1. Give the span of segment 24-71's Cα atoms along each principal axis, as three whole-Å numbers ordered largest to smallest.
2. What percent does the relative contact order of segment 141-205 come to when contacts are Cα pairs within less than 8 Å and at least six residues apart?
3. Run the dipole for the chain about the Cα centre, Lys and Arg Cβ at +1, Asp and Glu Cβ at -1, nothing else charged, and hand back the magnitude in debye, nearest 20.
4. How would you order 108-121, 126-139 from highest to lowest mean count of nearby Cβ atoms within 10 Å?
5. With volume of the Cα convex hull per residue in Å³ in mind, check (i) 150; (ii) 163; (iii) 120 and report the label derived from this structure.
6. How much mean residue ellipticity at 222 nm does the chain get from its helices, if each DSSP H run of length 4 or more adds -39500 (n - 2.57) and you divide by all residues, to the nearest 500 deg cm²/dmol?
7. Evaluate the relative contact order of the chain (contact order divided by residue number), counting alpha-carbon pairs under 8 angstrom at least 6 apart; express in whole percent.
8. Accessible area per residue for the chain in Å², computed with a 1.4 Å probe and the full protein assembly in place, what is it?
Amino acid sequence: AGRPVLGLMADLGFSSDQLEDASRGLSFQTEGPLDMRLDRSSGLTCRDYLNNVTERELTKVIEEYGEERFSRRIAGAIITAKREGGLPKSSRDLAELILRAIPPAARHGRIHPATRTFQALRIAVNGELDELDRLLEECARVLAPGGRVAILSFHSLEDRRVKNAFRAETSGLRALTKKPIEASEDEVRANPRARSAKLRVAERV
């Protein structure tokens, strides 16, 4: 038990270097192995995960973590490929399988059809939401009275967890941001990946 801290900042994003590293398989824009681990020294790769997951579990992960409306179709296609010995070996192959799994009319939206599923698989492989929950539980314990915590999240699942934790009566925290702080238009033009960033701040009471 160390001294209470006055300020805590958590950036929940991962670096552009990680995203653009084809060997991690985080992006379907480049050809890379189906890994997705942020820490490649431990844990199962995405392909290992897909080799062991059931169709029901995978549907739930894609629906909840990816907020994907075609989760059942996508999970079904992945499990069918696994049963037939054709589970994708690369990020690009997986993206193409997902594209074929959804209705033709849904293949030309604002974002690539595989985006939400890739998000869901990355979260599952790395246990990202479990790590966030542990961080949020620890905030009040490590902060001194009046100390502040700022958390920068990059998708709605993370932001919702942060918002609820900061507003919970039992958290020992008081939200200082009613709505999340978002990047300005100038910042988004300079750094398009800032578009999804949301910053929330709370104070230890």
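1. 29, 24, 15
2. Averaging sequence separation for qualifying contacts and normalising by length gives 51 percent for segment 141-205.
3. For the chain, the charge dipole is close to 500 debye.
4. 108-121, 126-139
5. Answer by label: (i).
6. Per the formula, -13500 deg cm²/dmol.
7. 24
8. Value for the chain: 58 Å² per residue.
The values are calculated or read from the model by the stated rules, or taken from the named source; none is laboratory data. All values reported here derive from a predicted model rather than from experimental measurement. Cβ atoms come from the backbone with ideal geometry, glycine included; neighbour counts cover every protein chain shown. Quick note on the areas: whole protein, heavy atoms, side chains included, nothing else; ligands and nucleic acids left out. Shrake-Rupley method; radii C 1.70, N 1.55, O 1.52, S 1.80 Å.
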